[in-house]
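The values are calculated or read from the model by the stated rules, or taken from the named source; none is laboratory data. Values in this document were obtained by computation on a predicted structure and should not be read as measured data. FYI the Cβ positions are ideal-geometry reconstructions off the backbone, even for glycines, and counts take in every protein chain you see. Calculation scope for accessible area: heavy atoms of the full protein, side chains included, ligands and nucleic acids excluded. Shrake-Rupley method; radii C 1.70, N 1.55, O 1.52, S 1.80 Å.
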Amino acid sequence: MKSLKWIILLVSMWTLGACSDGAYEPREINQETDVCSICNMSVTSVDFAAQAVLKNSDILVFDDLGCLMAYIQQNGDEEIGAAYIRDANSIKWLNVKDASYVYSKDYWTPMNYGVLAFVSAEEAAQYMKEQPGEIKRYDELLTFNWGVHDHE
Amino acid sequence: MLLFLCIALFALTFQAFAHKPQEGTPKPYIHTGEESTLQKLIDATESGGTLVLDKRAYQGSFSISKPITIKGVEGTSIVSLETALEISNTKNVVIEDIELKAEEAGIVATGIHKLTLKNIKVEQGTAGIEISNSTDITLDNVDISGQAGHFATKGHAIAIYKSVNVQASESDISNVLDGFYIERTDDVSLTDNRIQDSRYAIHMMYSDKVRLDFNDVRANLTGLMIMVANDVSITNNSVKKNNTLNSVGIYTYDVNKMVFSDNELSENTVAMDIQDTRNMVIKSNFFSTNGTVIQAKYSGSVSIQDNEFHGNILTARTDEEGVLLQHNFYDDYTGKDYDGDGIGDTNYIATNSFGQWMVRKPVYQYFIESPSVATLNKMDTEVTDHNSLAIIDDQPIVMGKTFNTNFSINGWQFIGSIFVLIAMFIVRRKLI
């Protein structure tokens, strides 16, 4: 009987632990209602979507990697538990810090920022054989000049 | 009996593939004098020549790669299980008076100098008209309608990429993703188009020298979506009933040098959402019955002057950069004009504490006009007069210029009223 109490206690702790802020999982995009938190565009092109799971469990959705980076540039990443970007070759969500990136001004993305994410450097290199671009690291994206349009 | 049915079904199969023209209908007349499929007719037409099509449906996908004018008549159509018409790498192409029904796009054009599409009707499959890497494009009276359903499953009606000098007028567009999607295209003029029941009526990205005049956009998620653009003029447009979840009348994002004047915006959730916009003048517009009129972020240089605000819930809400409000008419201004110069003697205070909170958490809009928020608004007007962060118009106009003289009557309501009056008259006479 005593061991049963311990088992229940351990299971409860494990269950509560699984529900804690430590698990910052991405969610599915709803094309009909999700709107980019930065540029306000509806997220209809899911293959390019990004999301930031905040430490308070709120999830912010972005239509383009550039919008996620704009959010981080404006607000810092202290409140972000984990951020994700869609893999260009599959429907997987990749942690932005683990992904490999390729940039070309000729790549189409919803905001035309032209940066695609891949699960590995090999897949990125493979993609560049057919669609020439340049490799970018995550830390380079934080200071990247997003946008292709010069105003002034 | 069973044998007869089998024979009938067998014969019907062949009937479906038969191409025998119906008796009595005129045969296609063409300048080249040939009668064949449309592709053969196109190929047979000399470069720069005119191909006149007759009243019939041409089935298949067709391509054009030389200067040509193709004219249809009422009833001329192209029906395709793929893209109906592909035009590539040529100049001086004119398509007139043709209806397109395609499972994929109606027209795909790339690398064209001088393309004119006139009196074209498209029943949209996956997309309407796609044009890229082209110059001098004229679209006149192009009507495109999509299928019923949510916009997320549809394509753009007219999509133009990497092109220069686009003129579009008198188009009717409904039930699509974006009415006009224009990307990396300069010198754009859209005039007198009507777009409704879509995601964005006009969606523009990375474009310079844009003119939008006399367009009527209504019941879309967002009316005009202007993003990353330079030198934009939007005048005399009607933007109405964009009032679903997340709806905006006009949205600007990263725009420089913009004039927005003489437009009418009514019944929108948010009439204007302005983000990261510089050198923008909002002048002589009429804003009525919107939820919020102006919502601005990172746009401190925006000037809002000589406009009229009628029956809106909230005039403006901004971040700490604010906007410049000057010389506007507000129907909720309660000040007096004792010196009779037409300008109120006290400031109009548009700042609203609750409005500022709504910028951060839009979901708070559901509490608008609740008793606590009404009390908060009352307190705002008493204490924010000397607050440097307040949005204040120090020259509010006390008399609006616009008088609504529209008169309309519902025909059925009128006829019903007449019947009721007659019935009452008859009943009264009977009773007497």
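Some notes on this structure:
- Scan of region B:44-58 for residues that are out of contact with any helix residue (DSSP H, G or I) (no Cβ under 7 Å at 6 or more places or on another chain) and closer than 20 Å to B:SER77 by Cβ, ordered by number: B:THR45, B:THR50, B:VAL52, B:LEU53, B:ASP54, B:LYS55, B:ARG56, B:ALA57
- Residue check, B:VAL176 farther than 27 Å from B:GLU267 by Cβ, more than 10 Å from chain A (Cβ to nearest Cβ) and touching a residue at least 24 places away in the same chain (Cβ under 8 Å): no
- Among the residues examined, B:SER247 qualifies as within 14 Å of another protein chain (Cβ to nearest Cβ) and under 18 Å from the mean Cα position of the chain (by Cα).
- Scan of region B:63-86 for residues that are under 14 Å from B:GLY128 (Cα atoms) and either in a strand (DSSP E or B) or in contact with a helix residue (DSSP H, G or I) (Cβ under 9 Å, 6 or more places away or on another chain) (or both), ordered by number: B:ILE78, B:VAL79, B:SER80, B:LEU85, B:GLU86
- Of the residues in region B:148-155, not one is crowded, with 18+ Cβ neighbours inside 10 Å, more than 14 Å from chain A (Cβ to nearest Cβ), under 22 Å from the mean Cα position of the chain (by Cα) and not basic (Lys, Arg).
- Subset of region B:188-213 (residues that are within 14 Å of chain A (Cβ to nearest Cβ) and either at positive phi or under 10 Å from the mean Cα position of the chain (by Cα) (or both)): B:SER198, B:ARG199, B:TYR200, B:ALA201, B:ILE202, B:HIS203, B:TYR206, B:LYS209
- Residue ID - surrounded by the most Cβ atoms within 10 Å (Cβ to Cβ), chosen from residues in region B:226-241 that are away from every other protein chain (no Cβ under 12 Å) and in contact with a Lys or Arg (Cβ under 7 Å, 6 or more places away or on another chain): B:LYS240
- In the condition set (1) more than 15 Å from B:ILE294 (Cα to Cα); (2) part of a strand (DSSP E or B); (3) open to solvent by less than 10 Å² (accessible area, probe 1.4 Å), B:SER198 is compliant with all but (2).
- Meets criteria (modelled with pLDDT of 95 or more and open to solvent by less than 50 Å² (accessible area, probe 1.4 Å)) for B:LEU38: no
- Within the set B:ASP136, B:ASP140, B:ASP187, the sole residue that is outside any loop (DSSP other than H, G, I, E, B), among the acidic types (Asp, Glu) and farther than 21 Å from B:LYS71 by Cβ turns out to be B:ASP187.
- Cβ-Cβ contacts under 8 Å between residues 6 or more apart (or on different chains), taken from a first residue in region B:71-91 that is of a type in the set (Asp, Glu) to a second residue that is part of a loop (DSSP other than H, G, I, E, B) and open to solvent by 20 Å² or more (accessible area, probe 1.4 Å), are listed as B:GLU74/B:LYS55; B:GLU82/B:SER61; B:GLU82/B:GLU103; B:GLU82/B:GLU104; B:GLU86/B:SER61.
- Candidates B:MET258, B:MET205, B:MET280 - the one that is open to solvent by less than 10 Å² (accessible area, probe 1.4 Å), within 21 Å of A:TYR113 (Cα to Cα) and either assigned to a strand (DSSP E or B) or modelled with pLDDT under 95 (or both): B:MET205
- Residue within region A:129-148 that is closer than 20 Å to A:VAL35 by Cα and either aliphatic (A, V, I, L, M) or open to solvent by 30 Å² or more (accessible area, probe 1.4 Å) (or both) present: yes
- Residue check, B:SER266 in contact with a strand residue (DSSP E or B) (Cβ under 6 Å, 6 or more places away or on another chain), within 11 Å of another protein chain (Cβ to nearest Cβ) and surrounded by 18 or more Cβ atoms within 10 Å (Cβ to Cβ): no
- Summed over region B:158-182, residues that are within 21 Å of B:THR126 (Cβ to Cβ), open to solvent by 10 Å² or more (accessible area, probe 1.4 Å) and acidic (Asp, Glu) total 1.
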